[in-house]
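S.K.: First the structure, then my questions, so here it is.
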Amino acid sequence: MLISVLIPSYNEALVIGESYKRLKKVFTDNNLKDYEFIFINDGSKDQTLSILRFISNDDEHVKIINFSRNFGHQAAVTAGMQECKGDVAIIIDADLQDPPEVIPEMLKIYYEKKCNVVYGVREARKGESFFKLITAKLFYRTLNYLSDVSFPVDTGDFRLVDRKVINAFNKLHEKNKYIRGLISWIGFDQHPVYYKREARFAGETKYPLRKMIRFASIGLFYFSKKPLKLATSIGFLSIIVGLIYVLMIIFSKIFGYGNIVSGWSSMVIIIIFFGGVQLLTIGVLGQYIGSLFDEVKNRPEYIISEKINFRE
Ligand code: UDP
Ligand code: MG
């Protein structure tokens, strides 16, 4: 059985050598002989590529997909899925936050349960900011509530997938991929493996807030249509509030109580509030139109400039 390990790498010069060593050790210690390590160099600006080249000279198990520029983590994983030959593929971060030592455990579950996916669930997360922990927790739970597919919570992309799932995944043509969601959506038999997420070995996160928000909004807007219904619900609500107000005015005119004309502050509040609601709902529409635009353009998700150690 051929095992493909997919390792997206972006500016990981400080860790990539160590990642290779740890992975290699796990495979030799466990007597696994048939494997390929596919490093996807996602347009790194540091020494990542030259270190990888150096490693791949001495080890034919090491393959490199070199992107023409930075296309993002999800595109890198997608390229790995397209190019790998394995009977199973294991997606793992380059920064050793997902310990390679969990791989034998994943394989064990895969054999025992005869399942199609073994996904890593983070029991603990080390070296992560309070802000990231809280936003991640909130996000996964909100997405689950909004989406029709149910996703396991506290799960990243660290997982093992078998050939059936790889083939199904490679048939998906969306240009912006939220991979963990898509794999849940694909279905088949999926089992968790629990592990402790380590702190990054060296270097810093390649997911600044801007990328995190982009990633989260792809998850949200590609897996749920509920935000689109927001405008309708708020519209109905405001009609009802308006009607009640009309009734109040009519009654007070007839029976002559209350002072309806109470200045402009109430007016201004209403204008600002509904102005905000309108902008918000137009924004939501805009998000979906933007996604449609990305899909309609039909550009490739990534461009490969070079493949190393791949034998056709
Ligand atoms: N990564 C990538 N392209 C990017 C950003 C990140 O290939 O544009 C890789 C990165 O090298 C790492 C993995 O994706 O192997 C996860 O990134 P990171 O560890 O920075 O994210 P975090 O764990 O902080 O969420
Ligand atoms: Mg990381």
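Quick note: the coordinates plus some simple rules give every number you see, no bench work behind them. Treat the numbers as computed from the prediction; the structure is a model and nothing was measured. Note: ideal-geometry Cβ built from the backbone for every residue, glycine included; neighbour counts use all protein chains shown.
S.K.: Using beta carbons and a limit of 8 Å, which pairs, at least six apart or on different chains, have the first residue in region 93-114 and of a type in the set (Gly, Ala, Ser) and the second one within 16 Å of ligand 2 (Cβ to nearest atom) and outside any loop (DSSP other than H, G, I, E, B)?
M.R.: Ala94/Ile7; Ala94/Pro8; Ala94/Ser9; Ala94/Ile16; Ala94/Ser19; Ala94/Phe39
S.K.: While we're looking at this one, here's another question. Please give the number of the condition Ser44 fails out of (1) among the hydroxyl-bearing types (Ser, Thr, Tyr); (2) outside any loop (DSSP other than H, G, I, E, B); (3) without any contact (Cβ under 8 Å) to a residue 40 or more places away in the chain.
M.R.: Condition not satisfied by Ser44: (2).
S.K.: Now, a different point. Can you work out which of the residues in region 186-220 that are outside any loop (DSSP other than H, G, I, E, B) and touching a Leu at 6+ places or on another chain (Cβ under 9 Å) is farthest from ligand 1 (Cβ to nearest atom)?
M.R.: Step one: filter region 186-220 for residues outside any loop (DSSP other than H, G, I, E, B), giving 186, 190-197, 209-220.
Restricting the remaining residues to those that are touching a Leu at 6+ places or on another chain (Cβ under 9 Å) gives 186, 193, 216, 219-220.
Details: Ile186: 21, Val193: 18, Ala216: 12, Gly219: 14, Leu220: 17 Å.
Residue satisfying both the conditions and the ranking: Ile186.
S.K.: Related question: Among the residues of region 252-267, is there at least one that is under 48 Å from the mean Cα position of the chain (by Cα) and surrounded by 10 or more Cβ atoms within 10 Å (Cβ to Cβ)? Please lay out each step first, then the result.
M.R.: Taking region 252-267 and keeping what is under 48 Å from the mean Cα position of the chain (by Cα), we get 264-267.
Next, only the ones that are surrounded by 10 or more Cβ atoms within 10 Å (Cβ to Cβ) stay: 266-267.
Yes, region 252-267 has at least one match.
S.K.: All but one of (1) in a helix (DSSP H, G or I); (2) within 24 Å of the chain's Cα centre (by Cα) hold for Gly17; state the number of the condition that does not hold.
M.R.: That leaves (2) as the condition not met.
S.K.: Kindly evaluate Ser9 against the criterion of being small (Gly, Ala, Ser) and either without any contact (Cβ under 8 Å) to a residue 40 or more places away in the chain or more than 16 Å from ligand 2 (Cβ to nearest atom) (or both). It would help to see each step written out before you state the result.
M.R.: Numbers: small (Gly, Ala, Ser): yes; either without any contact (Cβ under 8 Å) to a residue 40 or more places away in the chain or more than 16 Å from ligand 2 (Cβ to nearest atom) (or both): no.
Considered against the rule, which asks whether it is small (Gly, Ala, Ser) and either without any contact (Cβ under 8 Å) to a residue 40 or more places away in the chain or more than 16 Å from ligand 2 (Cβ to nearest atom) (or both), Ser9 comes out as no.
S.K.: Step by step: first the residues of region 56-90, then only those that are assigned to a helix (DSSP H, G or I) and hydrophobic (A, V, I, L, M, F, W, C), then the one that is surrounded by the most Cβ atoms within 10 Å (Cβ to Cβ). Which residue is that?
M.R.: Only one residue fits best here, namely Ala76.
S.K.: Moving on to the next point. Considering only residues that are away from ligand 1 (no atom under 16 Å from the Cβ) and closer than 15 Å to Met106 by Cα, look in region 5-30 and name the one that is surrounded by the fewest Cβ atoms within 10 Å (Cβ to Cβ).
M.R.: Filtering first and then ranking leaves Asn30.
S.K.: Across region 273-311, what is the number of residues that are hydroxyl-bearing (Ser, Thr, Tyr) and over 26 Å from Ile40 (Cβ atoms)?
M.R.: Kept after step one, since they are hydroxyl-bearing (Ser, Thr, Tyr), are these residues of region 273-311: 281, 288, 291, 302, 305.
If we keep only those that are over 26 Å from Ile40 (Cβ atoms) as well, we get 281, 288.
Residues in region 273-311 being hydroxyl-bearing (Ser, Thr, Tyr) and over 26 Å from Ile40 (Cβ atoms): 2 in total.
S.K.: Here's another thing I want to ask about it. For region 133-149, check the following and say yes or no: at least one residue is under 29 Å from Lys33 (Cα atoms), of a type outside the set (A, V, I, L, M, F, W, C) and either within 14 Å of ligand 1 (Cβ to nearest atom) or in contact (Cβ under 8 Å) with a residue 12 or more places away in the chain (or both).
M.R.: no
S.K.: Turning to a different aspect of this structure: What is the number of the single condition among (1) over 21 Å from Gly283 (Cα atoms); (2) in a helix (DSSP H, G or I); (3) away from ligand 2 (no atom under 15 Å from the Cβ) that Leu133 does not meet?
M.R.: The one condition Leu133 does not meet is (3).
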